């Protein structure tokens, strides 16, 4: 087994010098001695995001984003698809977990003032990521098309109505009409599975590239 | 600390433990995923199909599902008839068209008459007829 790994690594080394790449980024990457478990929240948020992407792909095999089909298809996943209940539950609970981890990550950064120079843009991109995470959770909440998700979306989309002058227009724009309808469902679905994931991935790439560039913050 | 290279029980133990945990975790993730990707259970699978013949006018058909396959119950001119909707050509589901009393396959245009015999199209087999029972005006297919 270890011979097989060695051979594979040798093969890759001959082609693009894999071992130094692996050592620099993973196996021999330095992290500060003083880094505590609290330093894992950001990485764990990324892990939950990846779990959400994967379970989301599975759910997408059966989910139907239509007013007639949405609730039925989620029920079908939960009762007829083998282990569907587990995948659906992981996706729903994982959303809460991801938000909790993002907030814990932000709380630590704020408490230790890690956002200060030279890491201001890490914080700014992080705030955008937090907002996008909330967006994912909010748009995903409507998709099972239950009473709870319907009224959740109704109340949630009413909030921008408080903006002076253009508030009403924003509400109508988000709802794709005056009320929550099949068009709202389709709009939220596309935001949930494509638009927000694409934007959040771009911001994650920036966030991680900047952390690589400055290194993890060390206490004085 | 003493040097230990080849046969080091602690090192072996750690390797086996990490390997074991890895395999267990992979199985814990892999099993639900693989079983999710399997064919979903149809709860209606074993239920017999029952159609009340009084509800069907002559020349009218009803679609039903029997063991995951679509079947068509037709109230024909010579009494009721049950056929599998599966086209013997490439397996699409045929539709009953009451206007000209024909079964038509939407995929490649096979046409069958009201008793399921081939009329035209890329097919040389009739629709499979399915045995049924009629009792007190109710047609049952099991």
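If you average the sequence gap of Cα pairs under 8 Å that are 6 or more apart and divide by the length of region B:1-135, what percent do you get for the contact order? Result for region B:1-135 is 13 percent. Its Cα gyration tensor gives region A:28-162 an equivalent ellipsoid; the semi-axes, largest first and in whole Å, are 34, 20, 10. Note on residue B:35 and residue A:103: the model spin-label points, each 7 Å out from Cα along the C-beta direction, lie 3.4 nm apart.
Which of A:187, A:18 has the fewest other C-beta atoms within 10 Å, and how do the rest follow up to the most? Don't skip to the answer; put the middle values down first.
Numbers: A:187 20, A:18 15.
Placing the least packed residue first, the sequence is A:18, A:187.
Round to a whole angstrom and tell me the spacing of the C-alpha centers of region A:16-77 and region B:66-137. Using only Cα atoms, the two centres lie 49 Å from each other.
Cβ crowding within 10 Å ranks A:61, A:1, A:7, A:204 as A:1, A:7, A:61, A:204, fewest other Cβ atoms first. Given R₀ = 25 Å, FRET efficiency for residue B:50-residue B:90 by Cβ-Cβ distance, to 0.05? Efficiency, rounded to the nearest 0.05: 0.25.
Note the full-extension length gain between residue A:16 and residue A:86 as 0.36 nm times their separation in residues minus their Cα-Cα distance, in nm to one decimal. Can you show the working numbers first?
On the way: separation 70, 0.36 × 70 = 25.20 nm, distance 4.06 nm.
Length difference between fully extended and current span is 21.1 nm.
The long axis of helix B:9-36 is offset from the longest Cα principal axis of chain B by roughly 10 degrees. In the protein assembly as shown, Rg over Rh equals 1.13, where Rg is the alpha-carbon radius of gyration and Rh the Kirkwood radius from pairwise Cα distances.
If R0 is 22 Å, what FRET efficiency do you get for residue A:211 and residue A:26 from their C-beta distance, rounded to 0.05? Could the numbers behind the result be given before it?
Working: r = 15 Å, r/R0 = 0.68.
That gives a FRET efficiency of 0.90.
Summarising the label geometry, the points placed 7 Å from Cα in the beta-carbon direction at residue A:34 and residue B:28 lie 3.4 nm from one another. Which angle from 0 to 90°, rounded to the nearest 10, does the C-alpha axis of helix A:41-60 make with the longest principal axis of chain A? Long axis of A:41-60 versus the principal axis of chain A: about 50 degrees. Ranked by how many other Cβ atoms sit within 10 Å of their own Cβ, fewest first, the residues B:25, A:125 fall in the order B:25, A:125. Global dimensions of chain B from alpha-carbon coordinates: Rg and Dmax equal 28.3, 96 Å. Here the spin labels are modelled as points 7 Å beyond Cα on the Cα-Cβ line, and at residue A:198 and residue B:138 they lie 5.5 nm apart. Among A:147, A:52, A:88, the residue with the largest mean-square fluctuation in a Gaussian network model of chain A, with springs joining Cα atoms closer than 10 Å, is A:147. Counting Cβ atoms of other protein chains within 10 Å of each Cβ in A:153-165 and taking the mean gives 0. Between region A:100-142 and region A:178-220, the alpha-carbon centres lie 11 Å apart.
Roughly how crowded by other chains is peptide A:81-89, in terms of the mean Cβ count from those chains within 10 Å of each of its Cβ atoms?
Details: counts 7, 10, 8, 5, 1, 4, 3, 0, 0.
Taking the mean over all residues of the peptide, I get 4.
Here the gap between residue B:21 and residue B:129, fully extended at 0.36 nm per residue and compared with their Cα-Cα distance, gives a gain of 33.4 nm.
Most mobile of A:86, A:165, A:21 per a Gaussian network model of chain A (Cα springs, under 10 Å)? Comparing A:86, A:165, A:21 in a Gaussian network model of chain A, the most mobile one is A:21.
Coordinate-derived values only; no laboratory data. Because the structure is a prediction, the values reported are computed rather than measured. Virtual Cβ from ideal backbone geometry, glycine too; neighbours counted across all protein chains shown.
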